[in-house]
Amino acid sequence: MKASDRDRGAVLVAVLIVAAIVAAFCVTSLLVSSMESQGTYAAILRDRALFVASAGIEDQCKAFQDIMTATLLKRPFFDAFEALAGQHTIQQRALMSDGITVGQYDVVIDSVQPVDAWHRDISMTATGHVPSADDPRAITRTISVVLRIGIEGSDVFDYAYFLDNWGWHQGNRFIVNGNTRTNGQFDFGGCQAQMDGIPRFDKLPDGTLGEMIDEGGVYASWDITGAESLSGTTARERHLHEFNPPEPMPNIADLGEYELLAKAENSTIKIGGNIVCNTIVGDEVGESPNLYLEGTLAQPIEMNGTIVVRGNLIIKGYIKGQGAIYAGGNIYVSGNVQYVDPLKPIPFPRCKEAVVNWIKNNAACDLLGLFAVENIVVGDFNDPVWRADISQWVSDPRNMSEEDAGEDGMPNTRPGRDGILGTADDDVLENDDIWTVEYYTEMHAEHGLIPAGFQVGDAIPGTGEDLDGDGEYDPGTQMKDFDLNVALSKEYWEGNFPETAPASYADLCSNDAGRSINRLDAICYTNHTFAMHQVGTELMVDINGALVARNEAIIYEGKRLTITHDLRLLQ
């Protein structure tokens, strides 16, 4: 994000987790040599058998992780695990150390019990045999474990601005009401951005906020640079949190789960009291997969639940109600998007009581989620100035998104944190001209883990360098990716598309043909690029909700650009 060169003065989205909740084993590294100095030989064998059994637990956990990796986010997700109940999954597998068999282990899945719709508890027993299971003098040790697997909400929505890449706020007229985070370096470029963050709190099981973690501010998985001129309540050194573990950004390439959710909710969108679409757009014979929505203050876009659009979405105008739209293509914002019942300002000081009260007082306010499998495009993408400036930013080396980003998924990190090539922390997979992903195997086929449309040998979506989770190599954002792939004619669009086809996309846009869009009330999410170019020396741009993206290409002129976090996302 940067100020224009012409004015330098100036969901369910879910991730998978594995957590041991009852465990009688230690994370094992086989320390046989050190054990042999302890106690009698029999005690050594007993300890060794315990470690062998522990290795069996770890081996089975790795198998569970492989199943998770290969399973797309669908409700049958747990079927593969539930089918393992009562099975002897590992039988007399040898544990090797320096080419020598240390022992053998067996693993049995005792039961798989539902905790709720999104979690299962797996009880399993591992037995270690030393020196082997068939030795008449074998020493055996048994470990029983309960492992919880589940699907949890992603923490990427805990931030007003989140980039799964290198991030930057390079402009003196930029304000964030909320916390910001990137999975790469965060560069402020010496500019005077204003950071007014929110304290972070533990999340309790009942959805309420617990103890304060820190005061909020800026978070990065690499270093934070150029921050010496920051202003705001969370602009001091203690508010700059460097080298945090990366926060995984879930991909939404497979919309199947959201289609099930839309059907379960019987979701609708109304305009002027008329239903313009329900549940899924593009699932019926003769129905276009694309949706056009335009609301006015008198006849707003009335959201009620989750809607899936299999193609593109064009949206502008007033929003009423609460809901989310998942689009399989691009989302085009052709004018201001504004709540009829908007969010109230976040007060100072931003203590726990203030945050809790704000959430309570704004719970019923309008809410819109815009989730794009491809890109979110704000303004007239055909405008020559829009294309020239966005192209420069998209092609900037700091904004790389080619799927050859290495093990950490971050561009420009091949030399590692020490910045020196040829050292131990190098990311040798980055820019090696090989698309490194995992592939479906016969094991996946045996467990029924290969979804329709895939076969043994195909890339597993979302693994390795498949950053957007579509199972195909992508060279990074190209300017052609922002273009509409369908004609601007009513026959190709559901919703309330104009009866008379516009001569161009600019004619469809509001706010000075899309050049001066200054209000976006929405939670914006894309696994690709959020692109926005707005001009006008007096323009004040407000984004109220959240901006979560792999890349962003925001170029703005005017008095200021403000992103304000919708704190309802913290629950």
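Taken together, the values in this text are just the output of simple stated rules run on the coordinates, not laboratory data. Predicted model only: the values in this text are computed from it and were never measured. Note that we place each Cβ from the backbone using ideal geometry, even for glycine, and neighbour counts take in every protein chain shown.
Counting 0.36 nm for each residue step from residue 560 to residue 265 and taking away their Cα separation leaves a gain of 102.3 nm. One decimal place: the segment residue 510-residue 417 gains 28.9 nm when fully extended, by the rule 0.36 nm per residue minus the C-alpha distance. Computing FRET efficiency as 1/(1 + (r/R0)^6) for residue 322 and residue 137, where r is the C-beta to C-beta distance and R0 is 51 Å, gives about 0.15.
For segment 457-507, what does the relative contact order come out to in percent, with C-alpha contacts under 8 Å and a separation of six or more?
Contact order relative to length: 19 percent.
With each label modelled as a point 7 angstrom along the Cα→C-beta vector, the residue 206-residue 69 pair spans 4.0 nm. Across the alpha-carbon atoms of segment 356-445, the computed radius of gyration and Dmax are 20.7, 56 angstrom. Working from label points 7 Å from Cα in the Cα-to-Cβ sense, the residue 392 to residue 192 distance is 2.3 nm.
At an R0 of 22 angstrom, the distance between the Cβ atoms of residue 385 and residue 297 translates into a FRET efficiency of 0.15.
For segment 282-421, the Stokes-Einstein estimate of translational diffusion at 20 °C and a viscosity of 1.002 mPa s comes to 116 µm²/s, using the Kirkwood hydrodynamic radius over alpha-carbon pairs. Cross-linked pairs 320/559; 320/344; 203/360; 270/490: Cα-Cα separations exceed 24 Å for 320/559.
When +1 charges are put on Lys and Arg Cβ atoms and -1 charges on Asp and Glu Cβ atoms, the dipole computed for the chain relative to its Cα centre reaches about 1760 debye.
Note on residue 110 and residue 487: with the Förster distance fixed at 51 Å, the Cβ-Cβ geometry gives a FRET efficiency of about 0.30.
Taking all Cα-Cα distances within segment 156-248, those exceeding 22 Å account for 21%. Considering segment 164-206, its Cα convex hull presents a mean projected area of 4.0 nm². Taking a point 7 Å out from the Cα of residue 341 in the direction of its Cβ, the residues of segment 272-291 whose backbone N falls within less than 18 Å of it are 272-273. In a fully extended conformation the segment linking residue 428 and residue 480 would gain 15.7 nm over its present Cα-Cα distance, using 0.36 nm per residue.
A straight line joining the Cα centroids of segment 532-558 and segment 96-149 runs 54 Å. Dividing the alpha-carbon radius of gyration of segment 257-332 by the rule-of-thumb value 2.2 N^0.38 Å gives 1.01.
Computed from label points 7 Å out along Cα-Cβ, the spacing between residue 365 and residue 117 is 2.7 nm.
Mean projected area of the convex hull spanned by the Cα atoms of the chain, taken over all viewing directions: 29.4 nm².
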